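Written below as structure tokens is the structure these notes are about.
What follows is calculated from the coordinates using simple rules that are stated; it is not laboratory data. Bear in mind the structure is a predicted one, so any value in this text is a computation, not a measurement. Cβ: placed from backbone, ideal geometry, glycine included. Neighbour counts: every protein chain shown.
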Amino acid sequence: RGSFPEVSRVTRKFRVPCIVEYNGVLVDELKITKTPLWRRMLSQRREAIVANSCSAAIAVDESTREGMIRHYPVLRDKCATVLNGCDVDLFDAVRDVPKDPKRLIFVGSLFSWARLDIGLRAMALLPEDVTLDVIGDGERLSEYRKLSADLGLPNRVRFHGRLPHKDIPKWLSGAAAGLAIESAGFEGSMPLKVSEYLAAGCVLVANGYPCHRHLEALGHARLFPTPPTPEGVATAVIEALTPAALDDSAVRARRSYAREHLSWERAAREILAVIDKVAESGAL
């Protein structure tokens with residue numbers, strides 16, 4: 001997270017280039033989770049040390065880059081964006097798992113910004129044969145379980161908790177569509193779940209943020225208006241579960257897109273380019 005000033009001090013002292021990767025805007029996330037002010041200030045101070053001393057930085061999406069620059073302007077000329085990638089080979093190994101055309105899935109941390117509460121309320125509006133698997137853990141898990149029960153969904157929404165990552169590809173490959181309902185402040189965010197959903201051939205059901213619109217234009221996503229509402233999410237899900245969206249050729253197209261644009265191999269090439277640039281410039 002770039003919040004380790006001790007490392008940056010050592011690399012600076014011995015004149016070793018230091019490259020930092022940011023997978024989120026920690027200060028903003030701490031605010032969303034109502035972390036005490038003193039802890040937020042301490043984290044920001046520690047991150048500032050790293051931002052000022054690093055040779056270069058990499059953000060996993062444009063939203064993260066813009067957020068980090070907003071807090072630490074010194075990063076403007078030395079922070080590149082390299083989109084999140086996933087190990088597509090893991091998904092190729094389970095591509096023969098049959099898809100359930102009525103099964104949705106959510107994979108991720110169950111914190112407030114995930115807005116799974118909206119997804120659960122959308123489930124109450126959908127036909128009874130539509131089900132949802134929730135894989136992940138977090139501070140809102142018990143709250144979401146209770147909401148699911150209150151909405152009469154215990155037989156349609158299954159909470160599996162945190163599972164080993166090696167098991168995730170099989171779960172995703174059997175689902176028709178994957179949910180991503182991040183709250184405001186994540187407009188340019190491309191969380192890991194997006195690349196994994198597409199690598200599994202799932203239709204992405206997500207906010208109508210700019211970073212998702214090209215996926216909708218390609219037929220890989222069905223978007224709902226922002227801010228998200230249960231009605232908007234439910235409408236997008238119905239569109240995602242159409243025969244055309246789940247046709248074999250559409251599933252193959254999403255998997256191919258992930259391999260070409262969202263793989264670890266692609267991310268590694270772009271990260272190596274950043275490293276080469278630092279090495280050539282001699283930046284410290």
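Classify the stretch 1-57 from the C-alpha gyration tensor, please: rounded if a/c falls under 1.5, else prolate or oblate depending on whether a/b exceeds b/c. Don't skip to the end; give the middle numbers.
Working: a/c = 3.83, a/b = 2.08, b/c = 1.84.
Note, shape of the stretch 1-57 comes out prolate.
Quick check: from the Cα gyration tensor, does the stretch 236-284 come out rounded (a/c under 1.5), prolate or oblate?
The shape class here is prolate.
Give me the dipole magnitude in Debye, nearest 20, for the chain about the Cα centre, with unit charges on the beta carbon: positive for Lys and Arg, negative for Asp and Glu. Display every interim value, and only then the final one.
Details: 39 positive and 36 negative charges, 200 e Å.
Charge dipole of the chain: 960 debye, to the nearest 20.
Starting with the highest mean, order 46-54, 150-158, 222-230, 202-210 by the number of other Cβ atoms within 10 Å, averaged over the residues of each peptide.
Averaged packing, sorted descending, gives the order 202-210, 46-54, 222-230, 150-158.
Can you work out ³J(HN,Hα) from phi for every residue in the stretch 163-168, in order, using Karplus 6.51 cos²θ - 1.76 cosθ + 1.60 and θ = phi - 60°, giving whole Hz and x for Gly and Pro?
Result, rounded to whole Hz: 10, x, 4, 5, 8, 4.
Rounded, prolate or oblate for the stretch 58-128? Axes are the square roots of the Cα gyration tensor eigenvalues, ordered a ≥ b ≥ c, and the cut-off for rounded is a/c under 1.5.
The shape class here is oblate.
Listed here are the pairs LYS31/LYS193; LYS102/LYS146; LYS102/LYS166; LYS31/LYS170; LYS34/LYS102; which of them are more than 26 Å apart at the Cα? Could the numbers behind the result be given before it?
Details: LYS31/LYS193 23 Å; LYS102/LYS146 23 Å; LYS102/LYS166 24 Å; LYS31/LYS170 35 Å; LYS34/LYS102 36 Å.
Among LYS31/LYS193; LYS102/LYS146; LYS102/LYS166; LYS31/LYS170; LYS34/LYS102, the Cα-Cα distance tops 26 Å for LYS31/LYS170; LYS34/LYS102.
Running a GNM on the chain with Cα contacts under 10 Å, which residue among SER112, SER195, SER249 ends up with the highest mean-square fluctuation?
Result for the chain, Cα springs under 10 Å: SER249 fluctuates most.
May I have the extent of the alpha carbons of the chain along their three principal axes, as whole Å values ordered from largest to smallest?
For the chain, the Cα extents along the three principal axes come out at 62, 42, 32 Å.
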